[in-house]
Amino acid sequence: QVQLVESGGGLVQSGGSLRLSCAASGSIFSIYTMGWYRQVPGKQRELVATQRTGGSANYVDSVKGRFTIARDYAKNTVYLQMNSLKPEDTAVYYCNAGDGSTTYWGQGTQVTVSS
């Protein structure tokens, strides 16, 4: 089992920045990928950014050049640095981890970008 605890959400003005953090605990040795998804009411949860252990990152087109995912393997933490935020980035952001057979989710953190 893997437990994920997110932090760092909040309210920010358009053009501002936020950094989300997600700390993993439990069977962390099994984690292969970590990433971030987001969801707005009435829509499907969408991938924002993911990174394989020791590999490159993948981003949804709408955040490329603005968001950066980074993993700190010593702290078992994944970060999402979000710059140049837009109102359409408003969503609940979920941390995600996978070990190849099981997907784990955090509780979610709200990000609200005001115009």
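Structural remarks
- Net charge over other residues, Cβ less than 12 angstrom from the Cβ of Arg38 (K, R count +1; D, E count -1): -2
- Distance between the modelled labels on Asn58 and Ser17, one decimal in nanometres: 2.7 nm (7 Å Cα→Cβ projection).
- Relative contact order for region 1-102, counting Cα pairs under 8 Å that sit 6 or more residues apart, in percent: 35
- Charge dipole magnitude, Cβ of K and R +1, D and E -1 - the chain, Cα centre, debye nearest 20: 120
- Share of carbon and sulfur in the accessible heavy-atom surface of region 44-115 [1.4 Å probe, %]: 45
- Pairwise FRET efficiency - Val5 versus Thr112, Cβ, R0 = 25 Å, nearest 0.05: 0.80
- Note that the chain presents 52 Å² accessible area per residue, ligands and nucleic acids not counted, probe 1.4 Å.
- Model label zone, Phe29; criterion: amide N under 20 Å from point 7 Å along Cα-to-beta-carbon; scope region 1-20: 1-4
The values are calculated or read from the model by the stated rules, or taken from the named source; none is laboratory data. Please read these numbers as outputs of a predicted model, since none were measured by experiment. Quick reminder, even Gly has a Cβ in these numbers, built from the backbone with ideal geometry, and neighbours come from all protein chains shown. Note: accessible area is taken over every heavy atom of the protein model, side chains too, but ligands, DNA and RNA are not part of it. Shrake-Rupley method; radii C 1.70, N 1.55, O 1.52, S 1.80 Å.
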